[in-house]
Each structure stands twice: as structure tokens, then as C-alpha cells.
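Asker: Structure incoming, see below.
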Amino acid sequence: MSCSKCQNSAVIALQHGGLCKNHFIDYFEEKVFKTINKYQLIGRNEKLCVAVSGGKDSLTVLYLTKKYLEKNNLPTNNLIALAVDEGIDNYREKTLVDLKKFCQEHAVPLTIVSFEQELGKTLDKAYPIINKDTNKRPCNVCGVWRRYLLNKHAKKLGADKVITGHNLDDEAQAIIMNMFKANTKLAGRLGPISGLEEHDLFVQRVKPLYFCAEKEVRLYALLQKFQIEFTECPYSKEGYRHHIQEMLNDFEQKYKGTKQGIVNSFLTMLPLLKDQENQTAETKIRSCSKCQEASNKDICNACVMKETIQNA
Ligand code: FES
Ligand code: ZN
Ligand code: ZN
């Protein structure tokens, strides 16, 4: 197949035809920059904290955020990176090596915080204790603690926004998961700008890769020769999300555009979901009585988990 814009051979087949290396890179970057502009994900003079792991998504979003700032003559010294080391043996330590190198090469200051320091144990050791009676996968502990530490430390670092590498596949999975589990409340928190309301305790999270399919991000990172391992979290092979992922991949293969369709229809419903959610008093964010971080209950989930560990 050849590129639909020139005669070179295509590196990817998209819905509207193939693209060669250079035209794909242009297309991808333009899509990300358009998303930033359309949803106003980045404001002038804002301090931007990119949540990074060392994987393809986070490094791509870090790289492109910097490129966006340069292109628009915005100050790049407002850009910082924040990583959470969950403590997943044989996995995270490798991606952190790639990450440190990348941040150094691109002159972005990096802060790393860890579950071990803050929760008292690594994820590997914490989840069997916390999930002892429920048999749940590590992901529930990981999700709560990652979000918690990102928000807490982004605030400490003075960030106005947290930028994440969530892509179209992540979002489509989350939408379907919430739908299947009747979590309509959580659904209102999705979208290119996460979170429900502007709040002092909460740094808004934004997703410039919102409309980029996982395979596009992968290809972009490969073509840019980012020095990273394309491995996934060893826990990701199990659990509910993984089944949703397989189902959506299967559907996408048979019916091109499925994931995009899910996200597009979700976006038309999002204003309604947000309204509904903002009106529900019980979801009002308050501060946790233990740690003073954002919570929708008296004691936040992270503190409940920490207490479980301490009492074990
Ligand atoms: Fe769930 Fe990593 S802990 S995928
Ligand atoms: Zn071309
Ligand atoms: Zn707390």
C-alpha cells in the first residue's frame, strides 16, 4: 500500500487510507495539537506536570507537550515530569531507567515518588494484604494510590495541570467498563479533561492523546526511535479491563472505527453526565480527615488502604 498523500510506501493503514512515515508523523502531531487547542488543555503560563511512567504513551505525551510549547512560543521551563514507582518487581525499575534518560535528554526535571515511601509497602507486597478478603487484582490498589500520589505531589510541585498519556483505547475501555458496571457516576469524570469541578484540592488532569489509538501511539514512539521497552504491566494480563480490551480489539478488527465511535458517542453525553454529577451533593469533594487530601468521604480510600497495611 502506498501513502494517500505521496507515492512513498505506507507505514500504517488508517480509515481514510495509508500514510507514509513522514505524513503519519505530521498527522499524529496535528491530531494531538488540535486536541490541546480544541479543549484548551494547556493555558498560557500554566505550570504543567506530565505524569510519566517511561512507557510509550507517557513519553510521547511528554515529548509532544514540549513540542507544542515550543511551537507556540510558550515557556518550556514550566514543564515538569512526575513518576510514581508502584513497586512492581521486574517491570517498573526498567521503565524508570528509560524514563530518567529520556527526561535528561529532553531537559525536563523529573520527580519520582514511590508507594513504598508513602504507603509503607510496594504494590507487590501491599495488594495481597489489602485485597485479602476480596480476591481483587492489584489494579484497584494501584489505581487509587497512583491517582492519590499524582494529585498530591503535582499540587506540591505547584502544577496547574496534570497531563496524562491516556489514549483512545484507554478511554474506550473505561467508558465500556463503567457502562457494564453501571458506574454512571464515574463516567462523568472521563473525557479529555478529567474531574468534575475546579477545586483547590484537585489538580485537573488533561489528556492530549485522547483521540490517538494505541497502535498509533506505538507506531509514533517507534518511528521517533524513543529508547523504551514496549512492555506492559505484568498485572495487566488479568482482570476485567483486560477482557474489555480484548473484546474491543476484536470488534475493532472486524468493524473499523468501533473505539472512535464509542468515544464520540460518549462525548455527546458527557455534558449531561457532568451536570448530573455536579448536582449530586454526595460527590462533593471535601478534605480527608486523616491526610487533608481530596476525598468524597470522611477518610479517603488511600488512607483506608494505608491503615489496612499498618494494622496487618
Ligand atoms: Fe493493574 Fe498494573 S496494576 S495493570
Ligand atoms: Zn506520504
Ligand atoms: Zn486521606
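Asker: Which of the residues that make up the stretch 224-236 are surrounded by 19 or more Cβ atoms within 10 Å (Cβ to Cβ) and either in contact with a strand residue (DSSP E or B) (Cβ under 8 Å, 6 or more places away or on another chain) or of a type in the set (Gly, Ala, Ser) (or both)?
Answerer: Hits for the stretch 224-236: nothing passes.
Asker: As an exercise: evaluate LEU119 against (1) modelled with pLDDT under 95; (2) at positive phi and give the number of the one condition it does not meet.
Answerer: The number of the failed condition is (2).
Asker: Moving on. If you check LYS155 against the conditions, is it surrounded by fewer than 17 Cβ atoms within 10 Å (Cβ to Cβ), of a type in the set (Lys, Arg) and in contact (Cβ under 8 Å) with a residue 24 or more places away in the chain?
Answerer: Here the answer is no, as LYS155 does not meet what is asked.
Asker: Looking at GLY87 and the list (1) in contact with a Phe, Trp or Tyr (Cβ under 7 Å, 6 or more places away or on another chain); (2) of a type outside the set (Phe, Trp, Tyr); (3) at negative phi, which single condition is not satisfied?
Answerer: Going through (1) in contact with a Phe, Trp or Tyr (Cβ under 7 Å, 6 or more places away or on another chain); (2) of a type outside the set (Phe, Trp, Tyr); (3) at negative phi one by one, GLY87 breaks only (3).
Asker: Here's another thing I want to ask about it. Being surrounded by 18 or more Cβ atoms within 10 Å (Cβ to Cβ) and away from ligand 1 (no atom under 16 Å from the Cβ): is that true of ALA221 here?
Answerer: For ALA221, the condition - surrounded by 18 or more Cβ atoms within 10 Å (Cβ to Cβ) and away from ligand 1 (no atom under 16 Å from the Cβ) - is met.
Asker: For the stretch 270-293: of the residues being of a type in the set (S, T, N, Q) and either in a helix (DSSP H, G or I) or open to solvent by 80 Å² or more (accessible area, probe 1.4 Å) (or both), which is farthest from ligand 2 (Cβ to nearest atom)?
Answerer: GLN292
Asker: Name every residue in the stretch 237-248 that is surrounded by fewer than 16 Cβ atoms within 10 Å (Cβ to Cβ) and touching a helix residue (DSSP H, G or I) at 6+ places or on another chain (Cβ under 9 Å), in order of residue number.
Answerer: Within the stretch 237-248, GLU238, GLY239, TYR240, MET247 meet the criteria.
Asker: Exactly one condition in (1) open to solvent by 30 Å² or more (accessible area, probe 1.4 Å); (2) within 16 Å of ligand 3 (Cβ to nearest atom) is not met by GLN204; state its number.
Answerer: Looking at each condition in turn, GLN204 falls short on (2).
The values are calculated or read from the model by the stated rules, or taken from the named source; none is laboratory data. In this text the structure is predicted, and so the values were computed from the model without any measurement. Here Cβ is always computed from backbone atoms with ideal geometry, including for glycine, and neighbour counts include all displayed protein chains. When the accessible area is computed, the model is the full protein with side chains, heavy atoms only, and any ligands, DNA or RNA have been set aside. Shrake-Rupley method; radii C 1.70, N 1.55, O 1.52, S 1.80 Å.
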